[in-house]
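Structure first, commentary second.
The values are calculated or read from the model by the stated rules, or taken from the named source; none is laboratory data. Worth saying up front: this structure is predicted, and the values here are computed from it rather than measured. Cβ placement follows ideal geometry from the backbone for every residue including glycine, while neighbour counts extend to all protein chains displayed. The accessibility values were calculated without ligands, DNA or RNA, using every heavy atom of the protein model including side chains. Shrake-Rupley method; radii C 1.70, N 1.55, O 1.52, S 1.80 Å.
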Amino acid sequence: SMGGLIAFYLANRYHIAGIVSMCTPVFLSHYGARLAPFISWLYPVHRTASSRNEELLQYLGGYDETPVRALKSLNRFIRVVRDELHEIHVPVLVQQAKKDLTVRPESAQYIYDHIRSKHKELKWYEHSGHMLPIDTDRKEVWADALSFISQIEGVS
């Protein structure tokens, strides 16, 4: 997700062949994320509930806390990237989980609508959450990503 933000940021500064964006945030789901600048000194760590998907737990390890100060930086970075999306012209595959509880799914539509790429695709995954590449729809996610990469490799 944050990797997608980084990819969009770098695409405006360096020559890259294309972007595969998975659950990239433009809008965060948790209302408290907007309050991070004001509460980070009082509430330094946000504890998240463990995933109920037992299959995902093997990948998550100790991924059950978020430093609130990091959300301040993330919000700032989201604004920078969001303001630059109209400058994206490279091929882009936007992949979004419908059950994402971290990133509001309308982020994907926003990205798709605001980039100026001639070759862009938007794919939705009905059964997965924020951990899209390892969640229920992972086989379809990776097949779509590989297909997209193959397409843009042929164009390069």
Protein chains only, probe 1.4 Å: how do ILE152, ILE6 rank by accessible area, largest first?
-> ILE6, ILE152
Among the listed pairs LYS72/LYS98; LYS72/LYS118; LYS98/LYS118, those beyond 27 Å (Cα-Cα) | LYS72/LYS118
Dipole magnitude of the range 78-136 about its Cα centre (Cβ charges: Lys, Arg +1; Asp, Glu -1), debye to nearest 20 = 60 debye
For the range 71-156, what's the radius of gyration and Dmax over Cα atoms, in angstrom?
-> 13.7, 40
Could I have the simple spin-label model distance between GLU153 and SER29, label points 7 Å from Cα toward Cβ, reported in nm to one decimal?
-> 3.3 nm
Amide H neighbours of MET22 under 5 Å, at least 5 residues apart or on other chains, H built in the peptide plane: list them.
-> GLY4, GLN95
Highest average packing first - 98-106, 124-132, Cβ atoms within 10 Å = 124-132, 98-106
